[in-house]
Each structure stands twice: as C-alpha cells, then as structure tokens.
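Only the coordinates and a few stated rules stand behind these numbers; no lab work does. Just so it is clear, the model here is predicted, and its values are computed rather than measured.
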Amino acid sequence: MLSEAAINVAAPVSLADYTRPALIVPQLREGDTAGIVSELSQVLHHEGAVSDVLPFYQAALNEELLTNSALDCGLAFPHARLSGVKRLQFAFGRTLKPIVWGAKSSWPVQLIFLLAVPATDAAGYLQLLASLARLGQQPEVLAQLRAAENAEAILTMLGNIRVRQG
C-alpha cells in the first residue's frame with residue numbers, strides 16, 4: 001500500500017517542474033559571471049529555494065571557476081550542491097547579448113540555469129543536467145527561449161521539454 005506522501009509526490013517530468021515564474025529572470029541586470037551567479041542566487045534565496053544565500057553563492061561561483069559550465073551553443077549551468085538545499089530546482093536568467101562566461105577563452109553565453117542541488121541528490125542532478133545539456137542540440141528551442149517575451153512564456157516552453165527519468 002502506498003503512503004499518502006508517495007501518492008502526492010510525482011516525479012518531475014518537464015524542465016518546468018524544476019522552476020517557477022518567480023525563479024525566471026528574462027533580462028538579467030548583471031553582465032559578468034560573478035554578477036549573474038549572485039543575481040540568480042538572490043532570486044533562489046528570495047523564493048525560499050536556498051536558505052543561506054552567501055554559502056550558496058560562494059559554492060556555485062567556486063565550482064564555476066573550477067569547471068566552467070559554458071557550452072558552445074550559448075548555455076551555462078552553474079550549480080551548488082549543499083545540505084541546506086531541500087529540493088532540486090533552478091533559477092533561469094537571460095542576457096540581452098551574449099557575454100563571455102568565466103574565463104576569457106570560454107564560450108559566450110546568453111541563457112544561464114543556476115541549479116540548487118541537495119547534497120544527497122546526485123542522480124536527480126545528473127538527470128536534470130543531461131536534459132538541460134540536450135537543449136544545446138535544439139537550436140530552434142534555444143532561439144525560442146531567447147525570444148520569449150516574459151517569465152510565463154519561458155516557463156511554458158520549459159514545460160514542453162521532457163526530463164528523461166531513470
């Protein structure tokens with residue numbers, strides 16, 4: 001017999017299940033890696049996804065400086081895995097023009113997904129990251145994400161992108 005908790009908790013099936021409109025910033029104010037990670041960390045904190053913003057920001061920025069997450073298609077996936085994070089989710093931000101992400105020799109990016117990862121959820125994190133990385137193979141979807149008018153339109157698009165389970 002299934003417990004009530006098991007019945008009420010469905011596995012995320014789309015990218016939209018990992019975010020919400022308040023975690024989407026259609027036009028980032030900041031224009032460099034540290035500023036964008038800070039801006040999106042603040043959004044995660046404000047929305048209760050991250051309890052203590054400074055350790056999260058420092059962990060995400062340090063990880064990004066060690067292993068740059070930029071892809072040649074204009075995406076970046078900074079992240080932090082911390083015990084204070086209760087649920088796997090992300091904040092999404094978009095720049096008007098591509099910016100050099102991290103090191104000067106890195107790829108320019110325009111779409112940034114800052115992932116808040118519970119310390120014990122390696123499998124969920126890898127599934128989400130793989131689904132996000134597959135966006136790089138879909139130039140038409142990337143163009144639509146760049147052109148979407150607002151957070152709700154972006155969330156609707158993310159709702160159409162399935163996350164592979166398993």
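For the reader, a short list of remarks on this structure follows.
- Relative contact order [Cα under 8 Å, 6+ residues apart], the chain, whole percent: 29 percent
- Cα shape, segment 11-159, gyration tensor, a/c 1.5 rule: rounded
- Share, in percent, of DSSP beta bridges within segment 11-159 that are antiparallel, nearest 5: 50 percent
- For the chain, the longest principal axis of the C-alpha atoms and the axis of helix 122-134 are separated by about 50°.
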